[in-house]
Amino acid sequence: MPDPGSMTAGRLRVLLSILCAAVVAAVAGASAVRGEDGRRTPSTHPLTPALIQWLRLDPASVRALGAYGTKGGARIEVAYGRRAAGPECLVALGDGSAGSACGGLYARGPVVILERGSGGPELEKRSELEVIGLARPNVARVAVVDTTGSTRWPALNENRTFMVEFTQAELQDGVGPAELLAYDRAGAELMRLDLSEPSS
């Protein structure tokens with residue numbers, strides 16, 4: 001299987017959308033597993049045993065990275081895990097579905113991202129879209145430039161994750177992510193990644 005780092009942003013986006021749909025069943029099953037085991041100490045990360053198994057993660061490697069609320073009221077939880085064979089995964093979970101980016105997470109630069117959304121595939125037909133990322137320690141700031149040219153500066157949390165949300169109204173107006181930039185503490189550019197939709 002090709003390394004995700006070598007994929008175009010469009011191909012990665014399509015694969016993540018497919019994964020989000022496929023994982024719904026695993027998440028639903030995970031709820032049942034958790035319910036039967038309700039007397040145990042709650043997990044410190046959002047991934048249930050069924051989802052960890054579905055993603056083929058080493059349970060000991062899984063850790064929570066952050067939680068974000070959307071304007072629509074959803075709660076998005078971000079986690080990290082490593083597969084037994086070695087590949088690292090960034091996972092986003094919320095509203096009964098999950099998406100992950102696994103493999104060469106930093107192959108394209110010091111920030112790994114995945115997009116979580118529904119609807120589409122055209123931007124205007126999506127009902128939600130979030131750009132979720134994890135930055136290496138040498139990254140001091142990240143910026144997401146949207147299709148109007150406006151720049152958004154999400155804060156990095158203590159685990160170096162961030163989220164940028166595009167609302168349904170923005171998406172209907174054709175406003176979505178166009179580019180991701182990362183900077184070091186001196187303000188030097190470390191990364192520039194094209195997030196624009198692939199041309200049809």
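Every listed requirement among (1) at pLDDT below 95; (2) open to solvent by less than 20 Å² (accessible area, probe 1.4 Å); (3) under 15 Å from the mean Cα position of the chain (by Cα) is met by residue 128 save one, (2).
Listed here are the residues, each with its yes/no results for (1) assigned by TED's automatic domain parsing to the domain that holds residue 80; (2) at pLDDT below 95; (3) touching a strand residue (DSSP E or B) at 6+ places or on another chain (Cβ under 9 Å); (4) buried (at least 17 other Cβ atoms within 10 Å of the Cβ).
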position: 156; (1), (2), (3), (4): yes, no, yes, yes
position: 166; (1), (2), (3), (4): yes, yes, yes, yes
position: 172; (1), (2), (3), (4): yes, yes, yes, no
position: 175; (1), (2), (3), (4): yes, yes, yes, yes
position: 184; (1), (2), (3), (4): yes, no, yes, no
position: 187; (1), (2), (3), (4): yes, no, yes, no
position: 190; (1), (2), (3), (4): yes, no, yes, yes
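For the range 71-90, the set of residues classified as in a loop (DSSP other than H, G, I, E, B) and open to solvent by less than 20 Å² (accessible area, probe 1.4 Å) consists of 74 only.
Residue-by-condition table, conditions (1) within 15 Å of the chain's Cα centre (by Cα); (2) closer than 22 Å to residue 69 by Cβ; (3) of a type outside the set (A, V, I, L, M):
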site	(1), (2), (3)
92	yes, yes, no
114	yes, yes, no
159	yes, yes, yes
163	yes, yes, no
167	no, yes, yes
184	no, no, yes
194	no, no, yes
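The values are calculated or read from the model by the stated rules, or taken from the named source; none is laboratory data. Treat the numbers as computed from the prediction; the structure is a model and nothing was measured. Cβ atoms come from the backbone with ideal geometry, glycine included; neighbour counts cover every protein chain shown. Heavy atoms of the whole protein, side chains included, go into the accessibility calculation; ligands, DNA and RNA do not. Shrake-Rupley method; radii C 1.70, N 1.55, O 1.52, S 1.80 Å.
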